[in-house]
1. Would you check if there is a residue in the stretch 384-398 being exposed (fewer than 15 other Cβ atoms within 10 Å of the Cβ) and more than 16 Å from the ligand (Cβ to nearest atom)?
2. Take R366 and decide whether it is farther than 28 Å from R233 by Cα and assigned to a helix (DSSP H, G or I).
3. Among the listed residues D183, D118, D169, D140, identify the single one that is of a type in the set (D, E, K, R) and in contact with a Lys or Arg (Cβ under 7 Å, 6 or more places away or on another chain).
4. Output the residues belonging to the stretch 210-233 that are assigned to a strand (DSSP E or B) and out of contact with any Cys (no Cβ under 8 Å at 6 or more places or on another chain).
5. Just to be sure, is C50 modelled with pLDDT under 95 and surrounded by 15 or more Cβ atoms within 10 Å (Cβ to Cβ)?
6. Scan V225, V282 and give me the residue that is β-branched (V, I, T), under 20 Å from the mean Cα position of the chain (by Cα), surrounded by 15 or more Cβ atoms within 10 Å (Cβ to Cβ) and closer than 24 Å to M136 by Cβ.
7. In the stretch 67-86, which residue that is in contact with a Ser or Thr (Cβ under 9 Å, 6 or more places away or on another chain) and not in a loop (DSSP other than H, G, I, E, B) is farthest from R253 (Cα to Cα)?
8. Among the residues of the stretch 411-433, are any near the ligand (Cβ under 10 Å from one of its atoms), over 18 Å from V36 (Cβ atoms) and touching a residue at least 60 places away in the same chain (Cβ under 8 Å)?
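The values are calculated or read from the model by the stated rules, or taken from the named source; none is laboratory data. These numbers come from a predicted model, not from an experiment. We place every Cβ from the backbone using ideal geometry, glycine too, and count neighbours over all the protein chains shown.
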Amino acid sequence: MSLLSRARSWVERTRPVHPLTRAALQRRWAELPPHVRTPSQVLGRHAVGCEGTHGVFPRCNLACTPCYHSRDANRVATNGGHTVREVRAQMELLVARRGPHAHAQLIGGEVTLLEPDDHAATLAVMREHGREPMSMTHGDVDADYLRRLVTGPDGRRRLDRVSFAGHFDMLMFGRRGMERPPDEASLHPFRRRFAEDVRALKASHGVRSFLAHNMTVTPRNVDQVADVIRTARSFGYRLFSFQPAAFVGDDRRWHDDYGATTGDAVWAQIEAGAGTRLPFRVFQHGDERCNRTTYGFYVGPDYHPILGDRDPRDMAVRDAFLDRLGGVRFTGTPPARLAATLLRVVVRHPSLVGHFGRWLVRRLVRIGPLRLVRGGIHPVTFVMHSFMDAADVGPAWAATQRGETCTEPRLRETQERLAACSYAMAHPDTGELVPACVQHSVLDPVENVALRTLLPLTPVSRASAA
Ligand code: SF4
């Protein structure tokens with residue numbers, strides 16, 4: 001390659017925002033309902049939203065109460081070939097509709113029921129399509145599985161980095177060594193061990209990792225959320241996501257009055273665990289009734305949100321970030337390339353130096369340089385994601401499909417939230433992207449019945465089928 005073409009390639013690779021990303025962001029913004037087009041909105045300005053797989057491996061070997069999967073999910077065999085094929089088709093549609101880069105969850109059922117080779121092949125397909133994949137697991141997995149995931153049959157590393165969301169809560173039954181957890185605290189050793197096993201991949205195989213911790217919240221465990229955060233924050237999880245339970249999925253597993261656990265009550269517990277107020281209106285993903293997010297970091301035992309919603313100077317930093325850096329791909333970009341990209345942005349918008357420089361000084365003064373050096377910086381994001389009840393999603397989605405606006409307030413709210421959804425699943429057969437709420441409430445039950453026939457648990461021989 002000549003020097004000139006090398007320079008051209010470098011210029012292209014360090015361009016702040018890919019033109020197809022920019023176009024996807026513009027489409028996304030135009031599609032959003034007016035009530036979420038606020039200065040804090042991330043969708044359409046920085047991100048296109050999160051994506052998830054469906055109809056691939058719905059089976060799980062633990063039992064959650066509630067479980068968002070339909071009752072047929074556990075009657076479907078986990079099949080690597082099917083998974084790779086379907087994920088590829090879904091990713092192709094996502095690239096076409098949502099642009100070349102996004103975060104995507106490899107979610108079923110239980111991802112580690114896939115053979116490690118199939119799991120790795122699926123992650124490779126997602127990466128080929130510009131997706132930053134996160135494997136969703138219950139975390140009841142052996143270190144050997146993780147080793148076989150990141151290394152090929154020849155023993156050589158095949159994945160440079162992995163991203164897992166480990167789901168741990170006392171509403172899940174059947175975990176090895178803790179079949180029926182009496183409380184959240186009894187799961188702390190399991191939370192710790194899973195995190196240690198994933199992080200150990202760095203020392204043993206040079207594999208970098210990102211770890212999220214997921215937890216369903218019901219009236220049974222809401223008052224234990226704070227303790228989970230206080231204890232598990234030192235285990236290495238970089239994101240804590242809490243899902244107030246909804247009446248969706250298998251109704252045989254609905255055991256409590258989930259409506260009694262309000263978003264405000266859960267968020268108050270998250271704040272108690274973080275030990276500080278968590279401003280969730282700085283950055284908004286979709287609708288506030290669906291998502292609350294606070295980005296920040298620990299210095300020693302103290303949590304610091306990166307931006308405060310009551311400080312106009314911080315809000316100016318937020319605006320500068322979304323206006324000037326919106327769409328820049330931070331995750332998965334090699335550091336040198338990212339530095340060059342940021343430099344190009346700063347050259348075009350030198351005021352960014354002032355915004356971020358002053359922000360840095362304010363944080364240094366507030367935290368204290370000595371404490372910063374002693375405590376180190378540990379980034380952690382807090383998220384609350386509130387799925388909706390199937391009884392509301394079904395009629396609201398049907399009305400949306402008919403082009404009607406519901407008048408009943410609850411259904412109207414459901415429609416508004418679905419229209420602003422930040423978590424989409426792709427249907428290559430129809431070309432549609434649907435909210436995960438619709439997937440779980442309306443489409444999964446039908447899909448899983450079909451999958452039972454396509455992927456029966458006990459293969460039917462020609463002789464017995466005749
Ligand atoms: S509509 Fe459902 S899946 Fe989409 S962001 Fe809201 S709660 Fe999540």
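1. No - not one qualifying residue is present in the stretch 384-398.
2. When the stated conditions are applied, R366 does not pass them.
3. Working: D183 fails: in contact with a Lys or Arg (Cβ under 7 Å, 6 or more places away or on another chain); D118 fails: in contact with a Lys or Arg (Cβ under 7 Å, 6 or more places away or on another chain); D169 fails: in contact with a Lys or Arg (Cβ under 7 Å, 6 or more places away or on another chain).
One residue alone meets the criteria, D140.
4. Our first condition is that a residue be assigned to a strand (DSSP E or B); within the stretch 210-233, this holds for 210-217.
Scanning the stretch 210-233 gives F210, L211, A212, H213, N214, M215, V217.
5. On the way: modelled with pLDDT under 95: no; surrounded by 15 or more Cβ atoms within 10 Å (Cβ to Cβ): yes.
For C50, the condition - modelled with pLDDT under 95 and surrounded by 15 or more Cβ atoms within 10 Å (Cβ to Cβ) - is not met.
6. Values: V282 fails: closer than 24 Å to M136 by Cβ.
Only one candidate qualifies: V225.
7. Among them, the one singled out is V84.
8. Within the stretch 411-433 (the criterion being near the ligand (Cβ under 10 Å from one of its atoms), over 18 Å from V36 (Cβ atoms) and touching a residue at least 60 places away in the same chain (Cβ under 8 Å)), the answer is yes, since at least one residue qualifies.
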